[in-house]
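Everything below concerns the one structure shown next.
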Amino acid sequence: MRHEKLSPGLLLAFQDYQNEGEQALTTHRRSLGLIAPKSSVKPSKSVVFLYCDADADLSYLEQYGIRVNQNSGSVRTAFLPIEGLDALSEDEVIQRIKPSRKMQLRMDVAPGSVQLPDFKNKTGLTGKGVVIGVVDSGIDPKHPAFAGRILRIWDQTLPGPGVKEGDYGAEFTDAQLTISQDTEGHGTHVAGIAAGADATYAGVAPEAELVVVKSDLQDAHIADGVRYIFRVARELGRPAVVNLSLGGHADAHDGSDSLSKIIDAETGPGRIVCCAAGNEGNDNIHAQTTVAANRTRGVRFNVPLNQVGIVWLNGWYDSDSQLEVSLRSPNGFVTPFQKIIPDGNPSQNYQLPDAKVEIVTPAPDKSNGDHNFFVQIRGNGPSLVMGGIWQLRVRNTADNDTRLDVWTLDDRSAVFFTGNSVKDCVKIGSPGAASSAVTVAAYTTKAKYTDIDGQVREMGMDLHAISEFSSEGPLRNNAQKPDVAAPGAMIVSTLSADAGCDRSMMINSKFVAMAGTSMAAPFVTGLVALLLQRDPKLDPATVKELLRKNSSIPGKPAGTFDTKWGFGVINAANL
């Protein structure tokens, strides 16, 4: 086993599988790309990213039950039995194996607040001839706002022969489109903001055509979806803009993660990606501390009582430092300080009286040259993780101070940092961290609305201000994100007939009000579609510069950057 080729999170899951069998993978399936077996005699399978030479031929891996979804590229997606990770790591062609991670899902008065009607009236642009791609929870193909404009749906969640980008899921066109359903409603709402056609609640680009990927939200499959949309658009000879209203925090928050790398590789002239900044602005999911040379610092975090089955901490710091890592439980029990383990297995297990702790401290990650460590906490036996205040302890053995950034990865958003280490910054992860992506913060254009039952719903938000839930930048490498802000609360858009929706959110039987950077991103996606109609060869850098130049933060000089606002709210009038 070449342990150094497996990233920390995947190594933890593999070791738990080896030590405890299938049962140990139950909690990992919530976060990693692990597929449960269809029978008790078959092993779990894993969705992964493979790093290799761009022109390497990996077809021979098929004989080992490993399905690689692309024939070229330095980062590819693959599907394999989890027990096959051992043999795969020994293959000299494979440089690195990283897990797929489960992402989380993140128009009435809004258009006027950014001068969109003026721009559309002046230019006559509608998005005609442009493909808008949506990778999300699906779409309601029967909704009248999309009539005749959905070209294809790749439903990754249904059985089928797949597409060129992956032999899984089913592709639908024409009358078959209605086979796919959006039971979450999120994707339908997002698609309506970008491209819905309605007299009252029209989307930004109501004549654009749609290519939709209903995703299982594994980031490897999201990457396949981006490739699929751009391939379909290329075959049609049309420019395309893809909307990703989703994200996660299992990465370095610097754009070096697998999905961001694929986005950067796939975008170009006539191929743009727009991403949501995230909705963790109010959540203490990030800690940051400076550890002085030859000193020890503690980072505290709270685990609620009787709620959490597993806790993960994702830590990153610069390559020229050396940190040793330890953990202290609420009862005061501690693990030894664990050094960087550059050779052999960097994962070590510690049995405390009140917890099972695993710490992974490998050599620097080759994607960005920085150090990444993972900490995993489980309860003893079948019990949940002990509630209370835990402490991550880090000791700097180098002669220079170093900054440490840590994120919690509990997917129920229950584990938060406390104390002086809490930092409301660096909360934009993959895919919003991709350098080529247009990353969008949310701006509040509507703080109340009247629901289907005539009840006025007050949301307690500050009108015409950045939405408090919108995630802050910059990136960990100090790159400026988000790029711009757009209307994200409260946005009225299309309602999927197959989604269960609280009546307090419904405007009528076809439209619903939602808030989030998930809503802000498709607003910009639709705007980019208008720009691509005018100039189909626009590339990401040109689009981002155009948007930034026509955005500003209220009360501040044009060109001012803010970690919450980006370069400010868009003024479409002069685009």
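Observations on the model:
- Residue check for Gly203: surrounded by 24 or more Cβ atoms within 10 Å (Cβ to Cβ) and over 24 Å from Ser435 (Cα atoms): yes
- Summed over region 244-266, residues that are over 12 Å from the mean Cα position of the chain (by Cα), farther than 18 Å from Gln480 by Cβ and not charged (D, E, K, R) total 2.
- The single residue among Lys45, Lys38 that is at pLDDT below 90, crowded, with 19+ Cβ neighbours inside 10 Å and within 28 Å of the chain's Cα centre (by Cα) turns out to be Lys45.
- Condition met for Asp167 (in the same structural domain as Pro117 (by TED's automatic domain parsing), touching a Pro at 6+ places or on another chain (Cβ under 7 Å) and of a type in the set (D, E, K, R)): yes
- For region 524-546, the criterion of being part of a strand (DSSP E or B) and surrounded by fewer than 24 Cβ atoms within 10 Å (Cβ to Cβ) is met by none of the residues.
- When region 180-239 is limited to residues that are touching a Phe, Trp or Tyr at 6+ places or on another chain (Cβ under 7 Å) and of a type in the set (Ser, Thr, Tyr), the one that is nearest to Gly169 (Cα to Cα) turns out to be Ser180.
- Top-ranked residue of region 106-157 - restricted to ones that are modelled with pLDDT under 95 and small (Gly, Ala, Ser), ranked as surrounded by the fewest Cβ atoms within 10 Å (Cβ to Cβ): Gly112
- If you check Ala87, Ala24 for being more than 23 Å from Lys366 (Cα to Cα) and in a helix (DSSP H, G or I), only one passes: Ala24.
- Among the residues of this structure, Asp155 does not count as one that is of a type in the set (D, E, K, R), touching a helix residue (DSSP H, G or I) at 6+ places or on another chain (Cβ under 6 Å) and in the same structural domain as Thr494 (by TED's automatic domain parsing).
- Single residue of region 173-204 satisfying the filter (hydroxyl-bearing (Ser, Thr, Tyr) and part of a helix (DSSP H, G or I)) that is farthest from Asp140 (Cα to Cα): Thr178
- Boolean, Val190 is touching a Pro at 6+ places or on another chain (Cβ under 8 Å) and modelled with pLDDT of 95 or more: yes
- Just one of the numbered conditions (1) at pLDDT 95 or above; (2) surrounded by fewer than 20 Cβ atoms within 10 Å (Cβ to Cβ); (3) over 23 Å from Phe469 (Cβ atoms) is not true of Gln288: (3).
- Restricting Ala54, Ala87, Ala24, Ala36 to those that are in contact with a Gly (Cβ under 9 Å, 6 or more places away or on another chain) and over 14 Å from Arg101 (Cα atoms) reduces the list to Ala54.
- Checking each residue in region 477-510 for being under 19 Å from Ala442 (Cβ atoms) and assigned to a strand (DSSP E or B) picks out Val484, Ala485, Ala486, Pro487, Gly488, Ala489, Ile491, Val492, Ser493, Thr494.
- Set Asn294, Asn331, Asn302: member being within 24 Å of Phe469 (Cβ to Cβ) and either assigned to a loop (DSSP other than H, G, I, E, B) or not acidic (Asp, Glu) (or both): Asn302
- The lone criterion from (1) within 27 Å of Lys5 (Cβ to Cβ); (2) in a helix (DSSP H, G or I) left unmet by Ala398 is number (2).
The values are calculated or read from the model by the stated rules, or taken from the named source; none is laboratory data. What you see is a predicted model; the values in this text were computed from it and never measured. Cβ: placed from backbone, ideal geometry, glycine included. Neighbour counts: every protein chain shown.
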